[in-house]
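To start, the structure itself, in structure tokens.
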Amino acid sequence: MSNLFSIVQFKPKFAEKVSQLVHLSVQHIDHPRYSHEQLNAWSTAPRSRKHWQLRLQRSQSWVMLSDTQQRETEDVVGVINVETDFHHRGYIDSLYISPLLQRQGLANRLYQTLELWAQAQGYTSLSVDASYLSKGFFLKQGFKQMQPSYQITKDQVINGFYMTKSLLK
């Protein structure tokens with residue numbers, strides 16, 4: 001299945017599809033720790049194309065595309081990005097995979113792309129605020145939970161876990 005998908009650096013032309021992917025992914029979360037109200041606060045509707053363009057262009061970002069040999073447009077099925085500015089350097093801001101393609105190793109492929117890039121740039125560590133859904137994934141990648149975290153959005157508290165991973169050998 002892995003040859004059906006390719007990973008490329010984010011380009012502005014992908015912003016609209018990333019927005020749709022993120023919203024769809026959040027709205028398909030089925031976990032007892034997240035209420036309908038929390039999911040709507042997390043993503044009420046797809047954000048603007050401009051929002052995702054700006055957010056992903058100010059970091060190092062990749063998208064996963066489905067094989068487009070039979071289609072005229074590229075389908076974005078995954079996205080990951082890592083902050084590159086001094087104060088947030090190495091912070092994984094987003095990791096989303098299409099709900100229909102989750103648990104098939106695609107997030108791992110995106111993450112490995114990011115980690116290899118970060119090591120080549122000399123990053124000494126990575127960090128993330130993982131959701132209840134992604135916590136297990138990041139633990140498998142070698143992250144360690146440092147503390148609980150939360151985000152308040154539209155009067156809803158969205159709980160998570162601040163995790164870090166050393167990249168030093």
**Filter result (of a type in the set (A, V, I, L, M, F, W, C), more than 14 Å from Arg89 (Cβ to Cβ) and in contact (Cβ under 8 Å) with a residue 24 or more places away in the chain) within region 140-169** = Val157, Ile158, Phe161, Met163, Leu168
**Complete:** Checked pairs for region 10-36, first closer than 16 Å to Ser94 by Cα and of a type in the set (Ser, Thr, Tyr), second assigned to a helix (DSSP H, G or I) and open to solvent by 60 Å² or more (accessible area, probe 1.4 Å), C-beta under 8 Å and 6 or more apart or across chains, list as Ser19/Arg49
**Request:** Return yes when Tyr150 is open to solvent by 20 Å² or more (accessible area, probe 1.4 Å), modelled with pLDDT under 95 and more than 15 Å from the chain's Cα centre (by Cα) and no when it is not.
**Result:** yes
**Message:** Could you check region 88-97 and list, in sequence order, the residues that are under 15 Å from Phe137 (Cβ atoms) and either assigned to a loop (DSSP other than H, G, I, E, B) or out of contact with any Gly (no Cβ under 9 Å at 6 or more places or on another chain) (or both)?
**Reply:** Ile92, Ser94
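Out of the residues in region 29-87 meeting the condition of being part of a helix (DSSP H, G or I) and of a type in the set (Phe, Trp, Tyr), tell me which one is modelled with the highest pLDDT. Even if it seems obvious, please write down each step before you answer.
Taking region 29-87 first, the residues part of a helix (DSSP H, G or I) are 36-42, 49-57.
If we keep only those that are of a type in the set (Phe, Trp, Tyr) too, we end up with 42, 52.
Details: Trp42: 85, Trp52: 93.
Checked region 29-87; the qualifying residue modelled with the highest pLDDT is Trp52.
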**Asked** Quick check, is Trp62 under 16 Å from the mean Cα position of the chain (by Cα) and either farther than 28 Å from Gln156 by Cα or open to solvent by less than 50 Å² (accessible area, probe 1.4 Å) (or both)?
**Response** yes
**Prompt:** In the list Ala130, Ala107, Ala120, which residue meets the criterion of being small (Gly, Ala, Ser), on the phi < 0 side of the Ramachandran plot and surrounded by fewer than 14 Cβ atoms within 10 Å (Cβ to Cβ)?
**Reply:** Ala120
**Message:** Suppose the filter is among the polar types (S, T, N, Q) and open to solvent by less than 30 Å² (accessible area, probe 1.4 Å); does Ser166 pass it?
**Reply:** no
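The values are calculated or read from the model by the stated rules, or taken from the named source; none is laboratory data. Note that the structure is predicted; figures quoted are calculated from it, not measured. Here Cβ is always computed from backbone atoms with ideal geometry, including for glycine, and neighbour counts include all displayed protein chains. Heavy atoms of the whole protein, side chains included, go into the accessibility calculation; ligands, DNA and RNA do not. Shrake-Rupley method; radii C 1.70, N 1.55, O 1.52, S 1.80 Å.
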